[in-house]
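The values are calculated or read from the model by the stated rules, or taken from the named source; none is laboratory data. Please read all numbers here as calculations on a predicted model, not as lab measurements. Counting neighbours? That spans all protein chains shown, and the Cβs are built from the backbone with ideal geometry, glycine included. The accessibility values were calculated without ligands, DNA or RNA, using every heavy atom of the protein model including side chains. Shrake-Rupley method; radii C 1.70, N 1.55, O 1.52, S 1.80 Å.
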Amino acid sequence: MTKILIIDDHQLFREGVKRILDFEDTFEIVGEGDDGSQAIELYETHQPDVVLMDINMPDVNGVEATGQLVKKHPDAKVIILSIHDDENYVSHALKSGALGYMLKEMDSEALIEAIKTVADGGSYLHPKVTVNLVNEFRRLAEAEFTGNFQQMEVRRPLHLLTKRECEVLQMLADGKSNRGIGEGLYISEKTVKNHVSNILQKMNVNDRTQAVVTAIKNGWVEVR
């Protein structure tokens, strides 16, 4: 069982999340709180595998709480839940030690996938957030390379990935979810997950975001 702790100051949102997660037989909600100030105590009491942490709370916000929690318990796995898709929020959350960042507009499948990924030791960003981070990376790269980056020739990594895996990698860079990739390529989500797993293994990276950043650096995908 994957034990989950929910910390969010909106009870209705917590109830909605619990109803979604109750459909997963391998998930167990072990505790909940309404402020980041409770994070360490609740974590030590319930020993969850994953903490779902709201970013905006009245006393101690989610970023501060995550930083305090991870400092005391380095193995804590936190997914930030937020309404903000700005890369500054995401950057601060990841620097605090969070392994995931999900927008509250997420669908149930994305939330479940994020929890499973983080519980297994990976990281997971909402697709919309990934797009914003990619755009920020492009902006910085363009500044660094004085405009040459945008003109960089796209060299498909066919020495490393299959043609289909290259297509999936491009769609990851476009910020597509597994469902979106499946619909775009007319394949099942299970097949998409297999392709993503193969891509991560072949590229020797831990998660989708690292794969996208590595692909951009090597000119393997179009940044559009």
Quick check: the angle from helix 208-217's long axis to the longest principal axis of the chain, C-alpha only, nearest 10 degrees? 30 degrees
Mind checking the dipole of the range 163-218: about its Cα centre, +1 per Lys or Arg Cβ, -1 per Asp or Glu Cβ, Debye to the nearest 20? 100 debye
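Take the solvent-accessible surface of the protein heavy atoms, probe 1.4 Å, and return the percent of it on the chain that carbon and sulfur atoms account for.
Carbon-and-sulfur percentage of accessible area, whole number: 47.
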Helix 108-119 versus the longest principal axis of the chain: what is the Cα-based angle in degrees, 0 to 90, to the nearest 10? 90 degrees
Please report the accessible area of H46 (heavy atoms, 1.4 Å probe, ligands and nucleic acids excluded) in Å², nearest 10. 60 Å²
Given all pairs of distinct Cα atoms, the range 163-218 yields a Kirkwood Rh in Å of 11.0 Å
Quickly work out the R179-to-L12 label distance, labels modelled 7 Å from Cα along the C-beta direction, and quote it in nm with one decimal. 2.2 nm
Note down the nm distance, to one decimal, between modelled labels 7 Å out along Cα→Cβ at K163 and at D86. 4.5 nm
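Could you tell me what % of all Cα pairs in the chain have separations over 28 Å? Could you put the intermediate results ahead of the total?
Values: 8047 of 24976 pairs.
The proportion of pairs with Cα distances above 28 Å equals 32 percent.
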Pick out, from P127, T214, I4, the residue whose Cα sits farthest towards the positive end of the charge dipole of the chain, with +1 on the Cβ of Lys and Arg and -1 on the Cβ of Asp and Glu. T214
So how tilted is helix 87-96 from the main axis of the chain? Cα-based, degrees 0 to 90, rounded to 10. 60 degrees
Among the listed pairs K71/K176; K193/K217; K104/K163; K3/K217; K3/K128, those beyond 29 Å (Cα-Cα): K71/K176; K104/K163; K3/K217
Helix-only estimate, please: 222 nm mean residue ellipticity of the chain, summing -39500 (n - 2.57) across DSSP H runs of length 4 or more and dividing by its residues, to the nearest 500. -15500 deg cm²/dmol
